[in-house]
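Shown next, in structure tokens, is the structure this report addresses.
Throughout, read-outs are computed from the coordinates displayed, never taken from laboratory work. Keep in mind it's a predicted model, so treat the numbers as computed, not measured. All Cβ positions, even for glycine, are placed from backbone atoms using ideal geometry, and neighbour counts span all protein chains on display.
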Amino acid sequence: MAVMLWHSLLNKELAQANEYELYLRESYIYKSDIELFGKTIVVTGGTDEVGKECVKNFIKRGARVIVGYRSSKNGIKLKEEIEDDDTNKGTLVLMELELSSMESVRKFAEKINKSEQRLDVLLNNAGILSSSTAYTKDGYEMITAVNYLSHFLLTHLLLPLLKKSSPSRIVNVSSFVHNLTTDMMFDDFNIRTGYFIPTSFYLYGRSKAAMNMFTKECQRRFKDMGITSYSCNPGAVKTNLFNHFSLIKDFTNYLLFKTFKLINPIQFVGKSANEGAQTPIYCSIEEGIETYGGSYFTDGKPFKESKLVNNDEVCEKLWDYTTDLLNLSKL
Ligand SMILES: NC(=O)c1ccc[n+]([C@@H]2O[C@H](COP(=O)([O-])OP(=O)(O)OC[C@H]3O[C@@H](n4cnc5c(N)ncnc54)[C@H](OP(=O)(O)O)[C@@H]3O)[C@@H](O)[C@H]2O)c1
């Protein structure tokens, strides 16, 4: 823990990205009248905050949007909001999805593969920042599983449909916190040995670095199929992401983000969910950005990534490691 803290304090890439992040409150709004009639978009984490704003935007433009949802409360609320707005031109389809269960991810993908004729955009948006060292029923570290492994699996299972619908896109929602990670911890990827116990913030950063690396590998491997890939940063957004810390398991973060909510700078300078959704929307629908495939976008522009993410060898190693971990056949 102390090593991790020291390591983060000395991380210049993180400090620079953090500085820029605060400047991002001068919010960027993506302006475009692109219509999405006949297009199908799948969104994870589309029932709340950033993901929900993306879903609403796509439906306004005429798309058929499939949202993976786990909480009936937020799912029903989204459905009602969409139905109540008669300026909507598209349709919403809710399908059950619990990202901490690989079985649920498989069922979700199976349903889509059966019911859908096409898939134009897969927006892997869902993310959690909860207490560290929790495990899924498959035995994976929780933050890693929900933020990264589930999306890796989902993308692989939907690949034939994306390929059939090309030109199509994979958009992965990341964060400036990906800069926190300088080591993927392949020796103890699931944090099992107990020798080195990272904070939940480090695990969150590692999952986001993994999403950037996944984006680069998807671009390299799938671009010839007509599928381009992008990662993106919503910026610091006032959302529910910071509300899941446990008092016992994650005391420091609990104090910083929950109890002392009033002194959490994001509560003051953070973007609204709609502002945070602008770059994910841009990457999902803007025309003519294919030459930037594989890049990481902030405020609608390609942005600098960490050294680790730019290391092609580690990106390839992570791909192979994840393929084995999820028992997927090599592509
Ligand atoms: N907020 C920020 O400052 C910030 C900054 C950089 C990057 N990001 C990234 O932006 C993305 C969206 O974040 P947000 O701030 O909008 O988060 P949020 O308010 O916490 O919303 C998260 C969404 O993910 C869903 N979700 C969480 N765990 C799930 C699970 N196990 N299975 C299925 N769905 C699950 C939630 O569903 P329910 O409705 O059922 O809860 C919700 O729709 C995340 O990837 C996050 O890491 C956020």
(request) Can you put Val93, Val50 in order of Cβ neighbours within 10 angstrom, beginning with the fewest? (result) Val93, Val50
(request) Determine the dipole magnitude for region 52-119: charges of +1 sit on the beta-carbon of Lys and Arg, -1 on that of Asp and Glu, nothing else is charged, the reference point is the Cα centre, and the result goes in debye to the nearest 20. (result) 240 debye
(request) Would you mind checking Lys208/Lys238; Lys39/Lys79; Lys39/Lys137; Lys89/Lys163; Lys208/Lys301; Lys12/Lys223 for any pair whose Cα atoms are more than 24 angstrom apart? (result) Lys39/Lys137; Lys89/Lys163; Lys12/Lys223
(message) Run the helix sum for the chain: -39,500 (n - 2.57) per DSSP H stretch of 4+ residues, divided by residue count, reported at 222 nm to the nearest 500 deg cm²/dmol.
(response) -12000 deg cm²/dmol
(request) For a quick protection proxy, order the peptides 211-221, 314-324, 64-74, 108-118 by their average other-Cβ count within 10 Å, most packed first. (result) 211-221, 64-74, 314-324, 108-118
(request) Just check region 162-245 against the gyration tensor rule for me: Cα atoms, a ≥ b ≥ c as the square roots of the eigenvalues, rounded for a/c under 1.5, and otherwise prolate or oblate depending on whether a/b exceeds b/c. (result) oblate
(request) Work out the length of the dipole vector of the chain about its Cα centre, built from +1 on the beta-carbon of each Lys and Arg and -1 on the beta-carbon of each Asp and Glu, and round it to the nearest 20 debye. (result) 320 debye
(message) Test of understanding: express the Cα radius of gyration of the chain as a ratio to 2.2 N^0.38 Å, with N the residue count.
(response) 0.93
